[in-house]
Structures are given as C-alpha cells and as structure tokens.
Amino acid sequence: MTGKTTIIVHSGDMDKVISAFIIGNGSLSMGMEVTLYFTFWGLNRLKKGGLDKGPLSKMNMLGLGRRMIKGRMAKANVATLESMVNDFKELGGKIIACEMTMEIMGITKEQLRTEWIDEYGAVGTYVNEARKSDITLFI
Amino acid sequence: MAQINLDCRHQNCPVPLVQVRKALKRAAVGDTIEVVGTHSASKKEIPMAVEAQGQELLEVKDQGQEWVIRIKKVKEG
C-alpha cells in the first residue's frame, strides 16, 4: 500500500456520507490505506438500520428530496450505500467510532453495526492516523 | 496464467475502479485482467490506479461505445 487517506465523517447527511465512502473506496482502489472516523451526526449512520436514513444536506423537503435522489441514483447505476460499505470493508478500509459521541448521545455498542467497526477511539486516535496520512478531509 | 474478465458496462463512479482493485487483489502474479466498461472517467482513472499500484497497463482501446482495458498483475500488493 502506498499512501493513506483519513476522513472525519462528522455529518450524518446522506449525500455527505456517500461522498465519504466514494472518496474512501476511490482511495482504496488506488492502493491507499483508508481510515474513516465517525463522530457526532456521522455516527448515527453506523447504527443498525441507520446507514441510509440520513437527510439530504440541501433540498431534503421532509424526506421527499432524499427519496428523489435515491431514485435518480438507482437510475444512474450508482451503487447503494450498503454495497459501498461492503466494498470498503472488503478492500481493507478501517472504521473508527468516536467514543465521546457515543457517550454524549447515549449510543451503546449493541446499537451499532459492530461488524464494520475496527476501533473505538477519541481525538488522539484520529490525530495519530491523520499525521501519517497524505490526504485528510473533514466531511 | 489466468485471465480475469470484468464487465463494468453501465456501472458508475467509483464501481469500475473498485472492481479492478478487487480483481488485482485476488489475481496471482502473472495473471491478466480485462475490463470492459462505458463510464468515461474510469477509462482515464483505471490507468492512474494501475500506475499508482505499480502494476502493468497492457492496453486501452475503444470498441464502439465501450472501452476495454487490459492489465497485468506484476507484483503483490
């Protein structure tokens, strides 16, 4: 592996989580290592049944916009979030869940898709990953 | 020396790239991968990914509305 990408997934918005996984999978496909650090609203997407439940960051219109985008994505043959996460894990991508967010929001491990999560950590874990990275983004 | 054939026609970003990476992981050194697709950005990006991974790009050609890319796995990784 050459190079590393580390992304903080702070937003739980569907479109932003999709961006995070597209960049993550793109980096893995280039032969890079990738770590996604899920914190605050982003962590909701790691809840059981929560992956594609995020609103759109714009034009959500009480979920109407979100449904429309999903339909258009399917029509354009864009992979679903679930299959993006499966590809991400299959190619060796790493997911870290923020422990502080779990505490603040009262989220327990039992509520999360633990099969996707490699590590539970705090800011030190992120910085330690990011300092060795070539690309780091906050989404 | 086996050949792996990938059909990525009508697949969108970043699926063709991801499929090539998966194929490179499961191929043995010396194997070739032939991928056919229609997504135009992938035609440029698959060669970039092959180079970034230090593998060998054998051929990029157009076939009507489709493109065909041939890659050889020359090393592990």
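So which residues of the range A:69-89 lose at least 40 Å² of accessible area, probe 1.4 Å, when you go from the chain by itself to every protein chain present?
A:77, A:87
For residue B:41 paired with residue A:2, estimate the spin-label separation in nm (one decimal), with each label point 7 Å from Cα along the Cα-to-Cβ line.
Output for this residue pair reads 2.3 nm.
Residues of the protein assembly as shown: accessible area per residue at 1.4 Å, in Å²?
Here the per-residue accessible area is 50 Å².
Which distance in nm do the two modelled labels at residue B:28 and residue B:5 give, with both placed 7 Å along the Cα-to-Cβ direction?
Inter-label distance under the simple model: 2.1 nm.
Name the long-range amide H neighbours of residue A:56: under 5 Å, sequence gap of 5 or more, or other chain; modelled H, no Pro or chain starts.
A:14, A:66
Please name the residues of the range B:1-41 whose accessible area, counted over protein heavy atoms with a 1.4 angstrom probe, falls by no less than 20 Å² between the chain alone and the full protein assembly.
With the partner chains in place, the range B:1-41 has these residues losing at least 20 Å²: B:10, B:12, B:13, B:14, B:15, B:17, B:18, B:21, B:22, B:25.
So which of A:4/B:61; A:94/B:25; A:132/B:73; A:48/A:70 end up more than 22 Å apart by C-alpha?
Check vs 22 Å cut-off fails for A:4/B:61; A:132/B:73.
R0 = 30 Å: FRET efficiency of residue A:100 with residue A:72, Cβ-based, nearest 0.05?
Taking R0 as 30 Å, the efficiency between residue A:100 and residue A:72 is 0.25.
Round to a whole number: what % of the accessible area of chain B belongs to carbon and sulfur, probe 1.4 Å?
46 percent
Explain nothing, just compute: Karplus ³J(HN,Hα) = 6.51 cos²θ - 1.76 cosθ + 1.60, θ = phi - 60°, for every residue of the range B:48-62 in order, whole Hz, x for Gly and Pro.
Going residue by residue, I get 4, 5, 5, 5, 4, 8, x, 9, 9, 8, 8, 6, 10, 9, 9 Hz, with x marking Gly and Pro.
A drop of at least 40 square angstrom in accessible area, chain alone versus all protein chains together, probe 1.4 Å. Which residues of the range A:18-38 meet that?
Those residues are A:22, A:29, A:30.
Out of residues 5 or more away from residue B:4 or on other chains, whose amide H comes under 5 Å of its own, with H placed 1.01 Å from N in the peptide plane?
Correct list: B:32, B:33, B:34.
How large, in percent, is the carbon and sulfur part of the accessible surface of chain A at a probe radius of 1.4 Å?
Percent of accessible area from carbon and sulfur atoms in chain A: 58.
Report the accessible surface area buried between chains B and A, summing both sides, using a 1.4 Å probe on protein heavy atoms only, in Å² rounded to the nearest 100.
1400 Å²
Would you mind telling me which residue in A:47, A:70, A:58 has the biggest mean-square fluctuation in a Gaussian network model of chain A, where springs connect alpha carbons within a distance under 10 angstrom?
Among A:47, A:70, A:58, the largest GNM mean-square fluctuation belongs to A:58.
Once amide H atoms are placed 1.01 Å from N in the peptide plane, what residues at a sequence separation of 5 or more from residue B:56, or on another chain, have their amide H within under 5 Å of its amide H?
Amide H neighbours of residue B:56: B:72, B:74.
The values are calculated or read from the model by the stated rules, or taken from the named source; none is laboratory data. Worth saying up front: this structure is predicted, and the values here are computed from it rather than measured. Every residue, glycine as well, gets a Cβ built from its backbone with ideal geometry; the counts of neighbours run over all protein chains shown. Side chains are part of the model used for accessible areas, which takes the heavy atoms of the whole protein and leaves out ligands, DNA and RNA. Shrake-Rupley method; radii C 1.70, N 1.55, O 1.52, S 1.80 Å.
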